[in-house]
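Peer 1: What follows is a structure written as structure tokens; I'll ask about it next.
The values are calculated or read from the model by the stated rules, or taken from the named source; none is laboratory data. Bear in mind that the values here come from a model prediction, so they are computed numbers and not experimental data. Cβ placement follows ideal geometry from the backbone for every residue including glycine, while neighbour counts extend to all protein chains displayed.
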């Protein structure tokens, strides 16, 4: 039975939890992808930013609200209306994607590739990555070792350091502007308003934050309960308020980064990826010392996210697969991430994109169903129709996003051709939207018919 007396939280408690959430969300991709988006969009940075904010801010906020609305403690609870086995499968796929296969290793490789590698000779870079990633994940393991210390480690220590360093970059970037963002050329795909919006929307997938928001649920709930809250309703309210504050702060930072990226085109060509773009900007303003600033900035922000990811993985897997303890799962997660990181940033990004194209549609519909579920009592039929109709186009989008060895094969070309012929918005990478809406409509119709039949029988 829940205790009736709870600790009354202060404004400082709310700020610390929000700061922790900010630090958990804001990692490798959050720093480099919006800056690169600004370079790609140029003068059309506004619609690109709007699209990016939908998937990189609104969806992560909804994921936090979904955890709150469902009184969930992890990814498993979000998928539970579709049954135990679906919930387990969804949880495993989410954690593997944002965990040891792609998301967590990327936190180390972005830090190294952008901040450390430019200061090393090419002959030393493989060894440098090995040593750096080993130290990086050892630090992540130690910071996440005690679950109750995560709030202090991220919310009170690492995140404020990151924000101070980022402030200096923004201060110089806007007081000593390279050029006008609205006067820069746009790249192919960003020359029209619609294309700019949808490409920005898809770029938001790369942050992985909608997936991370679901995974971080257990970490946030543990932290909030550690502050003295016991009732589910109180934990949910605290989580929602902190989520709104954290994602609002993230949205502001994204806008600054996108504008800064567009401004940089006055001095630099569009870079191959955001890490190079950020390196150019920091070097322009701070010279040789910029490399040290960049290395520190990236390492701090990526470490905060890595701590959250490894902790969430260990917490969820220990809860559902108790063959290993929290610490053992934590050690396994950090070691696997260390191994994957040494494949390099380019390889990780190229193979993570297909998984994101597959998982993001599922995550989006499940988040929206969780938030709105009170209007149809979280009925399994509505979930089943919506998720089922989303599955096929999501699979097609995944195949189209694979590296050329798959996407340009006879099988890949045939799949892509079929998708573009029969699914609206396939060329935009949004083939799942119409089928998901059709599935939702059918599910709601079936739910309403059953509800009326039940009422008639009772009468």
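Peer 1: State whether the residues of region 84-103 include one that is without any contact (Cβ under 8 Å) to a residue 40 or more places away in the chain and either farther than 30 Å from residue 320 by Cβ or buried (at least 24 other Cβ atoms within 10 Å of the Cβ) (or both).
Peer 2: no
Peer 1: Has region 109-117 got any residue that is under 19 Å from residue 307 (Cα atoms), at pLDDT below 90 and either touching a strand residue (DSSP E or B) at 6+ places or on another chain (Cβ under 9 Å) or not in a helix (DSSP H, G or I) (or both)?
Peer 2: No: region 109-117 contains no residue that is under 19 Å from residue 307 (Cα atoms), at pLDDT below 90 and either touching a strand residue (DSSP E or B) at 6+ places or on another chain (Cβ under 9 Å) or not in a helix (DSSP H, G or I) (or both).
To keep it simple, each residue is scored yes or no on (1) within 21 Å of the chain's Cα centre (by Cα); (2) modelled with pLDDT under 90; (3) assigned to a helix (DSSP H, G or I).
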{"position": "154", "(1), (2), (3)": "yes, yes, yes"}
{"position": "161", "(1), (2), (3)": "no, yes, yes"}
{"position": "169", "(1), (2), (3)": "no, yes, yes"}
{"position": "172", "(1), (2), (3)": "no, yes, yes"}
{"position": "177", "(1), (2), (3)": "no, yes, no"}
{"position": "185", "(1), (2), (3)": "no, no, no"}
{"position": "195", "(1), (2), (3)": "no, yes, yes"}
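Peer 1: Let me ask something else. Which residue out of 353, 334, 340 is under 20 Å from residue 215 (Cβ atoms) and modelled with pLDDT under 90?
Peer 2: After applying the criteria, what remains is 353.
Peer 1: Then there is this: Look through 142, 130, 53, 138 and report the one residue that is assigned to a helix (DSSP H, G or I) and free of Cβ contacts under 8 Å to residues at least 60 places away in the same chain.
Peer 2: Of the residues listed, the single one that is assigned to a helix (DSSP H, G or I) and free of Cβ contacts under 8 Å to residues at least 60 places away in the same chain is 142.
Peer 1: Could you list, in sequence order, the residues of region 382-395 that are more than 22 Å from the chain's Cα centre (by Cα) and surrounded by 21 or more Cβ atoms within 10 Å (Cβ to Cβ)?
Peer 2: Hits for region 382-395 are 382, 383, 385, 386, 389.
Peer 1: A further question on this structure: Could you grab me the full set of residues in region 216-247 that are within 15 Å of the chain's Cα centre (by Cα) and modelled with pLDDT of 80 or more?
Peer 2: Result: 243, 246, 247.
Peer 1: Looking at residue 8 and the list (1) part of a helix (DSSP H, G or I); (2) over 22 Å from residue 311 (Cβ atoms), which single condition is not satisfied?
Peer 2: With (1) part of a helix (DSSP H, G or I); (2) over 22 Å from residue 311 (Cβ atoms) applied to residue 8, the lone miss is (1).
Peer 1: In this structure, is residue 427 in a helix (DSSP H, G or I), at pLDDT below 90, farther than 19 Å from residue 62 by Cα and not assigned by TED's automatic domain parsing to the domain that holds residue 102?
Peer 2: Judged against the criteria, residue 427 is a match.
Peer 1: Failed condition for residue 276, given (1) in contact with a helix residue (DSSP H, G or I) (Cβ under 7 Å, 6 or more places away or on another chain); (2) part of a helix (DSSP H, G or I), with all others met?
Peer 2: Going through (1) in contact with a helix residue (DSSP H, G or I) (Cβ under 7 Å, 6 or more places away or on another chain); (2) part of a helix (DSSP H, G or I) one by one, residue 276 breaks only (1).
Peer 1: Take region 354-375 and flag every residue that is more than 19 Å from residue 67 (Cβ to Cβ), surrounded by fewer than 19 Cβ atoms within 10 Å (Cβ to Cβ) and touching a residue at least 60 places away in the same chain (Cβ under 8 Å).
Peer 2: Correct list: empty.
Peer 1: Can you work out which of the residues in region 430-456 that are assigned to a loop (DSSP other than H, G, I, E, B) and at pLDDT 90 or above is surrounded by the fewest Cβ atoms within 10 Å (Cβ to Cβ)?
Peer 2: 431
Peer 1: Could you check how many residues of region 56-80 are in contact (Cβ under 8 Å) with a residue 60 or more places away in the chain and more than 17 Å from residue 361 (Cβ to Cβ)?
Peer 2: 14
Peer 1: Tell me, please, whether a residue that is modelled with pLDDT of 90 or more, surrounded by fewer than 24 Cβ atoms within 10 Å (Cβ to Cβ) and more than 26 Å from residue 341 (Cβ to Cβ) can be found in region 10-28.
Peer 2: Scanning region 10-28 turns up no residue that is modelled with pLDDT of 90 or more, surrounded by fewer than 24 Cβ atoms within 10 Å (Cβ to Cβ) and more than 26 Å from residue 341 (Cβ to Cβ).
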